[in-house]
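A.B. asks: Pasting a structure below so you can have a look.
The values are calculated or read from the model by the stated rules, or taken from the named source; none is laboratory data. Predicted model, so just to flag it, every value in this text is computed and none were measured. For neighbour counting, all protein chains shown are included, and Cβ atoms are generated from backbone atoms with ideal geometry for every residue, glycine included. Heavy atoms of the whole protein, side chains included, go into the accessibility calculation; ligands, DNA and RNA do not. Shrake-Rupley method; radii C 1.70, N 1.55, O 1.52, S 1.80 Å.
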Amino acid sequence: MAKVSLGAKTMTLPTPAWLIGTYDAAGKPNLMTAAWGGICCSKPVCMTVSLQKPRHSYAAIMERKAFTINVAGEADVAKVDYCGIVSGRDHDKFAACGYTPVRSELVDAPYVGECPLVVECKVIHIQELGVHTMFVGEVLDVKVEEAAMKDGKPDPLAIKPIVFAPEDRHYYGLGVDLGPGWSLGKAIK
């Protein structure tokens, strides 16, 4: 099939729409929406988030060497967007969104009490990449609401994570269950 070349772009589908939780220098809990992030290692379990230096959360992560990844559900899409368009320097995003900051017992960062999925990360590597700095966080714990579990595992259809499409700058829902991994492909053999 013919392809259209788009050139070098920040383009993959989907990207996450995460709320990154930090404490600023004054100890105030803050959130920022981030799409540049993902899993980067299985052992030790690590995830990344990449931020630009001018961001309020950048300084917080540099100082405290910790962050949380908060996965909000589709119903909170306006809150997730809000946390990406105002700065924590000037706004209390937890209060504006009606979110509860919960102090992590494992890392020096808050998480969102209302988010169905939370990942607590301790920074173990920092890599300057150009306009972004990639923070590699070792995952110390993943917390999931009981109502968002199915057969002892997080249920994506119950969590309803928000995904972001960078090219059209829209948020989307997850979609439908297409079937089990490491199983569907066996039909091709």
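A.B. asks: List the lysines whose Cα lies under 18 Å from the Cα of Lys53, skipping any in the same chain that are fewer than 8 positions away.
C.D. replies: Correct list for Lys53: Lys65.
A.B. asks: Shifting gears a bit: Strictly over 24 Å apart at the Cα level, which of Lys28/Lys150; Lys28/Lys122; Lys43/Lys122; Lys93/Lys153 would you flag in this model? Write down the numbers at each step before the final one.
C.D. replies: Numbers: Lys28/Lys150 35 Å; Lys28/Lys122 18 Å; Lys43/Lys122 14 Å; Lys93/Lys153 30 Å.
Table pairs above 24 Å Cα-Cα are Lys28/Lys150; Lys93/Lys153.
A.B. asks: Can you give the calculated 222 nm mean residue ellipticity of the chain, where each DSSP H run of n ≥ 4 adds -39,500 (n - 2.57) and the sum is split over every residue, rounded to the nearest 500 deg cm²/dmol? List each step's numbers first, then the result.
C.D. replies: Values: 4 runs with 27 residues, N = 189.
Value at 222 nm, helices only, nearest 500: -3500 deg cm²/dmol.
A.B. asks: Take the solvent-accessible surface of the protein heavy atoms, probe 1.4 Å, and return the percent of it on the chain that carbon and sulfur atoms account for. It would help to have the intermediate numbers written out before the result.
C.D. replies: Details: 6340 of 11080 Å².
The computed percentage sits at 57.
A.B. asks: Where nothing but the Cβ of Lys and Arg (+1) and of Asp and Glu (-1) is charged, how large is the charge dipole of region 36-189 around its Cα centre, in debye to the nearest 20?
C.D. replies: 400
A.B. asks: At 1.4 Å probe size, with every protein chain present, just tell me what the per residue accessible area of the chain comes to in Å².
C.D. replies: That works out to 59 Å² for each residue.
A.B. asks: Can you list the HN-Hα couplings for region 150-165, worked out from phi with the Karplus curve (6.51, -1.76, 1.60; θ = phi - 60°), rounded to whole Hz and with x for Gly and Pro?
C.D. replies: My calculation for region 150-165 gives 9, 6, x, 10, x, 9, x, 6, 8, 5, 6, x, 8, 10, 10, 10 Hz in order.
A.B. asks: With point charges of +1 on the Cβ of Lys and Arg and -1 on the Cβ of Asp and Glu, referenced to the Cα centre of the chain, which listed residue (Val4, Val112, Val86) lies farthest in the positive direction of the dipole?
C.D. replies: Val4
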